[in-house]
Amino acid sequence: MKILISVIILFCLSASVLANAPLSQAELQQKAEEFIQAKNARQQPGTTIKDIDNFISLFSDDFIDEHVKYNVTVTKKSDLRQGMITKLADKVYFCKIKIDQLMFGRNVVFIKYTEHAKVKPSHLKKVVEYTSTNIVSLEFDDNGLIKHLRRHHGL
């Protein structure tokens with residue numbers, strides 16, 4: 001009986017250690033690429049609510065989306081989703097996002113990317129074409145979902 005209890009305790013301890021194992025660099029790179037693909041898909045001429053929902057599925061239920069430059073923080077998926085649905089009123093001619101550099105840490109990846117887009121925002125009368133380099137950090141929970149997104153907008 002003591003052996004059985006010892007085995008159960010050892011199993012529980014092993015399972016808790018494995019559950020908290022950090023994501024590997026390959027896993028972080030894959031998650032960074034998935035994030036950029038989903039971000040890009042929700043900013044296209046034919047973007048649908050399915051694209052928006054796919055993007056939001058990358059986030060944990062308890063998340064923080066922080067736009068550092070604008071001092072804006074979103075913590076509810078419903079608010080994030082509604083903001084993206086509102087942007088569907090913009091006329092998007094094209095949007096291309098290219099990863100320039102990745103940096104890895106324990107369950108975090110920093111992505112430096114260049115975005116080139118041509119858009120007519122619904123609240124403006126003119127078309128805006130821009131190229132900007134931005135940095136985001138993605139921190140992941142134990143399930144591999146984004147728990148904290150920090151958006152650092154470029155110049």
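Would you be able to tell me the number of residues in region 104-127 that are surrounded by fewer than 17 Cβ atoms within 10 Å (Cβ to Cβ), farther than 26 Å from ASP141 by Cβ and either in contact with a Pro (Cβ under 7 Å, 6 or more places away or on another chain) or not aliphatic (A, V, I, L, M) (or both)? The total comes to 9. Annotation note: of LEU58, LEU23, LEU18, LEU28, the sole residue that is under 15 Å from ASN143 (Cα atoms), modelled with pLDDT of 95 or more and either small (Gly, Ala, Ser) or more than 14 Å from the chain's Cα centre (by Cα) (or both) is LEU23.
The number of residues in region 103-117 being of a type outside the set (Gly, Ala, Ser) and more than 19 Å from ARG42 (Cβ to Cβ) comes to 8. Quick check on region 38-87: of everything there that is assigned to a strand (DSSP E or B) and without any contact (Cβ under 8 Å) to a residue 12 or more places away in the chain, which residue is most open to solvent (accessible area, probe 1.4 Å)? That would be THR73. In region 128-141, the qualifying residues are those that are within 16 Å of the chain's Cα centre (by Cα) and of a type in the set (D, E, K, R), and the one that is least open to solvent (accessible area, probe 1.4 Å) is ASP141. Scanning region 88-118 for residues being under 23 Å from SER132 (Cα atoms), polar (S, T, N, Q) and in contact (Cβ under 8 Å) with a residue 40 or more places away in the chain gives a total of 0.
Every test in (1) out of contact with any Lys or Arg (no Cβ under 7 Å at 6 or more places or on another chain); (2) closer than 25 Å to GLY154 by Cα; (3) not aliphatic (A, V, I, L, M) is passed by GLU66 save one, and that test is (1). Which one is nearest to ALA32 (Cα to Cα), of the residues in region 45-69 that are of a type in the set (Phe, Trp, Tyr) and in contact with a strand residue (DSSP E or B) (Cβ under 6 Å, 6 or more places away or on another chain)? Only one residue fits best here, namely PHE59. For ASP142, indicate whether it is under 21 Å from ALA32 (Cα atoms), acidic (Asp, Glu) and in a strand (DSSP E or B). When the stated conditions are applied, ASP142 does not pass them. Residues that are in a loop (DSSP other than H, G, I, E, B), touching a residue at least 60 places away in the same chain (Cβ under 8 Å) and open to solvent by less than 60 Å² (accessible area, probe 1.4 Å) within region 145-155 comprise just one, LEU145.
The values are calculated or read from the model by the stated rules, or taken from the named source; none is laboratory data. Given the structure is predicted, the values throughout are model-derived calculations rather than measurements. Positions of Cβ are backbone-derived with ideal geometry, glycine not excepted, and every protein chain shown enters the neighbour counts. For the accessible areas, the whole protein counts, side chains as well, though only heavy atoms, and no ligand, DNA or RNA atoms are used. Shrake-Rupley method; radii C 1.70, N 1.55, O 1.52, S 1.80 Å.
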